[in-house]
Amino acid sequence: MKLRLIPKSLAVRIFFLMAGGIVAATFLSRWVIEKLYTNELEQLGRTSAIERISDVVRVLDALPREQRPQAAAGISFERLTVSFPAQIGNGVEVEPALSEKLARGIRRAPGKVSLEALPPPPCTPEVMPDCKDLAKRFAAELALADGQPVRVEYTTRWIKIGDADWVPWVIGIAMLVVLAWLSVRIATRPLRALAEHATGLGRDLRRTPLDENGPTEVRDAAHAFNTMQAQIRRQIDERTQMLAAIAHDLKTPLTRMRLRLELIDEDALRNKFGEDLGAMQSLIDEGLDFARSVDAQEQAQRIDLSALLDSLCEDARDAGQAVAFKGEAGIIIAARANALRRVFLNLMDNAVKYGGDAEVSVGRHGGDITVRVRDHGPGVPPDQLENVLKPYFRLEGSRSRETGGTGLGLAIAANLLGAQGGRLKLRNHPDGGLEAEVRIGA
């Protein structure tokens, strides 16, 4: 099975783009803030260490040597310790600039102060509850004013942003994603309404027009669609009225010709003229039916499709036609009863006329109701299966003009089905004959 990575829905595509952008931007901004925050706090931590060490050295400089141990014990705490080593060590300086800054703060000559970075002490929450917030430990060694060596260790502390609670970030991302989804829904709702209306327009040209409200672009699109619907409806009405007028106007001369036909004494000639008049009347009636089939105005209702087909087949058998019916009973659908009756009558007449018989079956296939009408005739050339559904198209041979067909029966059936969401498909049956398949939504 082929994996489809790109969704078909425009709304889903836009949502994934927006949601992905929100998540990516959130993580990127957090990373940038963390870097800037950490760098800034490191600088503040170093400055704080220099200031604190400078304060300690100034205090000890002002005290006599014998009072310094007591003072050192008093100012020491978990992050600041003061000791008096025998001599100044040679630690690795953090940065010469920091050492010089510390030397200037305590009025020492450059090079007389050593400032080094030490690893932080072991994290023991029992002894030091906030040890997770400890960052860097600095140690400064120098000589006091009277030459006594001193070592001051100070540990800076701050809360790392990387250790901060993720819950507010997650809540913020979730809220932005929800807002993105709502925005996409609002933006694509007019498109869905337009698509639904366009689909329904094929079934009912006289349906209620779209509401022309909302943003300017939506109003303009709805107005343009409603204008198109009105123009199509007006053109179909004009065509139907024109054909109806032509049919009405032709009735009078056809009636006069039938009356005059009775005055012809020669039977053979009279019969030929009668056949021609019948063909002309049939062409007029079916042409008018075809025009009306595009704009069927019958309201849909719930009907028993199985009972309808059984009744049509029984009527055909009473008329002497070889028609058989089989299939599931009690199939109820919402459809236009008279239109369906015309569809199946056309298909059955077509099968009997050109194939000699008709086998009608009905059943459920997935979410659709399928009706099949099969004959045992010569079938249709495969390359002509689509063409026979076109109006006024007739095949040569068995399905030719001499059989009396007008080429509108299947076209009318296809139009009537399309007007209520159905589909008509023709195929040559593997065992011979033509099979017409009608699919209607359950």
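On inspection, residue 240 fails the criterion of being modelled with pLDDT of 80 or more and either open to solvent by less than 60 Å² (accessible area, probe 1.4 Å) or closer than 18 Å to residue 187 by Cβ (or both).
The selection criterion, being modelled with pLDDT under 70, farther than 24 Å from residue 23 by Cα and not in a loop (DSSP other than H, G, I, E, B), does not hold for residue 139. Screening the range 24-56 for residues that are touching a helix residue (DSSP H, G or I) at 6+ places or on another chain (Cβ under 6 Å) and modelled with pLDDT of 80 or more and picking the one that is surrounded by the most Cβ atoms within 10 Å (Cβ to Cβ) gives 50. Restricting attention to the range 345-367, the residues being assigned to a strand (DSSP E or B), crowded, with 17+ Cβ neighbours inside 10 Å and charged (D, E, K, R) number 1.
Taken together, the residues in the range 330-354 that are farther than 21 Å from residue 421 by Cβ and either in contact with a Ser or Thr (Cβ under 9 Å, 6 or more places away or on another chain) or free of Cβ contacts under 8 Å to residues at least 24 places away in the same chain (or both) amount to 3. Taking (1) part of a loop (DSSP other than H, G, I, E, B); (2) modelled with pLDDT under 80 in turn, residue 107 satisfies each apart from (2). Restricting the range 102-111 to residues that are touching a residue at least 12 places away in the same chain (Cβ under 8 Å) and touching a helix residue (DSSP H, G or I) at 6+ places or on another chain (Cβ under 6 Å), the residue that is surrounded by the most Cβ atoms within 10 Å (Cβ to Cβ) is 102. Answer yes or no as to whether residue 59 is buried (at least 18 other Cβ atoms within 10 Å of the Cβ) and at negative phi. Against the criterion (buried (at least 18 other Cβ atoms within 10 Å of the Cβ) and at negative phi), residue 59 does not qualify. Selection over the range 181-220 of residues that are assigned to a loop (DSSP other than H, G, I, E, B), at pLDDT below 75 and farther than 30 Å from residue 22 by Cα gives a count of 6. If you go through the range 243-281 and pick out every residue that is among the hydrophobic types (A, V, I, L, M, F, W, C), farther than 20 Å from residue 408 by Cα and either in contact with a Phe, Trp or Tyr (Cβ under 8 Å, 6 or more places away or on another chain) or open to solvent by 50 Å² or more (accessible area, probe 1.4 Å) (or both), you end up with 8. Within the range 119-135, being open to solvent by 30 Å² or more (accessible area, probe 1.4 Å) and either assigned to a helix (DSSP H, G or I) or at pLDDT 75 or above (or both) holds for 132, 133.
Of all residues in the range 316-344, those being open to solvent by less than 10 Å² (accessible area, probe 1.4 Å), at pLDDT below 85 and in a loop (DSSP other than H, G, I, E, B) number 0.
The values are calculated or read from the model by the stated rules, or taken from the named source; none is laboratory data. Being a predicted model, the structure only gives us computed values, none of them experimental. Here the Cβ is made from the backbone with ideal geometry for all residues, glycine too, and neighbour counts use every protein chain on show. Just the protein is used for accessible areas: all its heavy atoms, side chains included, with ligands, DNA and RNA removed. Shrake-Rupley method; radii C 1.70, N 1.55, O 1.52, S 1.80 Å.
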